[in-house]
Amino acid sequence: MEKPAEESVEKRTDEAVKGEAALKPQFLTTKEKFHAFVDSEWQGSKGEKASENDRVEETNETPETKKLKLDADEQNKGGNPDRKRLRGQNKSRPHTKPTAYDEKRLCLSVLQANRECPFGDKCRFHHNVAEYFATKPADIGESCYLYDIFGKCAYGLTCRFAKAHTTPDFKTMENAELIKTNEGRNAVKNSLSKDLQNSLRKRSVAFKKSEEYLKTLSNYKDKRDQQGNGDHRAAEVSADPAGGEQRASTEAETQASPDKQPPVKTIGPLTDVDLIKLRPFEKKQVDFKDKLYLAPLTTCGNLPFRRVCKRFGADITCGEMAMCTNLLQGQQSEWALLKRHESEDVFGVQVEGCFPDTMTRCAELINNNTDVDFVDINSGCPIDLVYKKGGGCGLMTRTRKFEQIIKGMNYVLDVPLTVKIRTGVQEKCNIAHKLIPEMKKWDVSMITLHGRSREQRYTKLADWDYITTCSKLASPVPLFGNGDILSYEDAMKARETGVSGMMIARGALIKPWIFTEIKESRHWDISSSERLDILRDFRNFGLEHWGSDTRGVEKTRTFMLEWLSFMCRYIPVGLLERVPQKINERPPYYMGRNYLESLMASQHVGDWVRISEMLLGPEYMGCLCVLKIYAIKSFATQSYLSLFYSAWYLK
């Protein structure tokens with residue numbers, strides 16, 4: 001391996017002060033030498049010739065602005081040249097829709113025990129299995145993960161590992177012993193049933209408890225209008241269905257007249273459940289103390305990734321942020337975010353909304369139809385799409401609505417309600433310390449505080465001094481700190497602040513083994529082959545979750561690439577001159593201890609595709625050319641860009 005020149009090392013040492021991680025000089029190199037080494041080794045191992053279009057020139061320049069084009073009729077007929085073209089839908093962008101993964105798919109009638117096709121000669125799919133196999137993409141590997149684990153592959157002949165469970169006469173094999181072992185096993189819960197989806201679309205689902213609470217809000221509003229600017233305390237107590245004073249008066253009346261008829265008609269012995277709602281301390285409890293909490297990560301925090309983190313020691317997991325309005329409409333893609341794997345022993349779901357009625361109904365819907373240990377309100381989302389509607393961080397400035405949402409959700413839930421917030425909206429105007437004492441009165445079971453404001457996003461370090469102050473205000477309600485934890489040393493410093501636990505987000509994306517490091521109090525100099533094994537586990541979990549056919553394989557690849565855009569930021573411990581690596585330090589160009597370690601350090605999307613091809617075979621029809629074309633030097637830009645395109649055609 002060629003060593004860099006003296007000047008390059010000195011230059012890199014100077015740049016390290018400006019935010020680059022400090023690496024041992026013998027591993028440092030330049031961008032040109034790094035890419036030349038990665039490309040040459042890849043071409044040598046694969047016997048391929050690199051195309052000039054495979055690597056986009058990494059510069060700080062933004063892509064050229066698209067020129068305004070006139071409509072065809074204006075060009076031909078001399079229309080108004082000042083008229084602007086409609087914008088917002090770049091339909092000319094290159095992409096591949098999921099339905100195009102198999103242009104000539106195998107007919108469902110062939111897959112389902114050769115039943116008769118209802119479309120007959122008009123069917124546009126393959127009925128001849130031999131012809132289908134002639135046009136089908138080549139198999140990725142010789143063994144099928146689904147067949148090896150479950151004894152049967154649900155995707156049969158369409159599986160990209162079909163040769164592992166297909167006879168020479170195109171019959172799908174089954175392992176009866178494994179099938180019997182897995183009989184009755186339900187590995188994934190919280191799926192949306194067809195009956196519930198139809199009921200939601202027809203708006204025929206009853207929300208009894210939500211209606212009770214919303215009536216009290218209406219009564220409270222009427223009383224407030226009558227009282228004007230007077231004291232609203234009495235009306236406020238009556239507005240809270242779980243209010244202590246109202247419940248105390250009800251119990252006093254019941255004790256004063258024991259012979260009085262019960263308020264509800266009963267059959268059999270009368271119980272407490274018939275008379276009163278469970279108090280907050282009688283709900284199902286979750287022990288949040290000293291736990292490691294994997295943050296709900298949009299796009300990357302999918303079920304296969306959470307399974308990987310659980311294997312490394314994550315205590316609490318949470319589904320990706322789901323929009324309450326989409327859940328109430330029965331959208332399949334949104335309900336997929338609530339799915340829970342059997343390995344997730346403490347699991348919650350995170351919902352986002354800005355109105356008490358929709359959030360309360362959504363909470364009741366989740367309470368009655370899913371198996372979760374807690375429900376989390378996202379009041380820290382900084383994106384404009386959510387904030388401008390009044391949701392996410394917008395709730396922190398709308399305290400009356402926030403209070404009504406929390407009380408309403410608490411009223412209908414039988415599990416704890418938690419809240420995730422930021423320090424505030426503006427950078428130098430923290431408001432979390434004002435909200436936390438109020439949230440204690442609203443019976444919140446746990447609070448998570450991200451140590452940045454909405455305006456800061458990720459441009460500043462998390463303010464753990466402020467988190468310390470807020471943790472004291474929150475006591476005895478547990479408060480979790482979140483921000484900039486990338487090593488067990490960062491975790492130890494966070495524990496000294498007095499927080500009840502830690503939420504880890506980007507740290508888990510960069511190095512999912514961080515949970516093991518924290519629990520074992522050590523730095524893990526993990527090898528490149530071990531990291532590839534982690535990606536292989538993700539591949540297997542992805543095929544199990546999204547499918548082993550072409551569509552499932554490409555969906556798994558897309559989420560793997562999104563994850564690799566974070567994972568490439570990791571710098572092996574053995575290469576660091578100063579341990580540990582800080583989350584705000586960008587890695588310089590360096591040569592790893594072997595080729596795979598160097599390849600995993602690449603910041604270029606084309607190299608991420610190469611890593612995915614090691615596990616998932618060649619990319620399908622260039623469907624990832626969007627990521628190749630628009631790859632830009634900035635990590636954040638690469639991540640958000642791939643997130644946008646993956647969400648567009650996969651969700």
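The values are calculated or read from the model by the stated rules, or taken from the named source; none is laboratory data. If you're wondering where the values come from, they're calculated on a predicted model, not measured in any experiment. Reconstructed Cβ throughout: ideal geometry from the backbone, glycine too, with neighbour counts over all protein chains shown. Protein only, heavy atoms only, side chains kept; ligands, DNA and RNA dropped before computing areas. Shrake-Rupley method; radii C 1.70, N 1.55, O 1.52, S 1.80 Å.
Quick notes
- Dipole magnitude (debye, nearest 20) for segment 403-458, charges at Cβ of Lys, Arg, Asp, Glu: 260
- For segment 379-418: relative contact order, % (alpha-carbon pairs under 8 angstrom, 6 or more apart): 25
- Rounded to the nearest whole angstrom, the semi-axes of the ellipsoid equivalent to segment 485-591, taken from the Cα gyration tensor as √(5λ), stand at 28, 17, 12, largest first.
- Accessible area per residue for segment 330-477, computed on protein heavy atoms with a 1.4 Å probe, is 35 Å².
- Probe 1.4 Å, protein heavy atoms only - accessible area per residue of segment 483-566 in square angstrom: 28
- Accessible carbon and sulfur surface of segment 519-621 relative to its total accessible area, %, 1.4 Å: 47
- When the charge dipole of segment 424-581 is built from unit charges on Cβ atoms (+1 for Lys and Arg, -1 for Asp and Glu) and taken about the Cα centre, the candidate among PRO580, ALA494, ALA462 whose Cα reaches farthest toward its positive end is ALA462.
- Cross-link pairs LYS180/LYS310; LYS289/LYS339; LYS428/LYS493; LYS407/LYS434; LYS208/LYS389; LYS440/LYS493 - those with Cα-Cα distance over 21 Å: LYS180/LYS310; LYS289/LYS339; LYS428/LYS493; LYS208/LYS389; LYS440/LYS493
- For segment 340-387, projected area of the alpha-carbon convex hull averaged over all directions, nm²: 4.0
- The length gained by stretching the chain between ASP371 and LYS389 to full extension, at 0.36 nm per residue less their Cα-Cα distance, is 3.6 nm.
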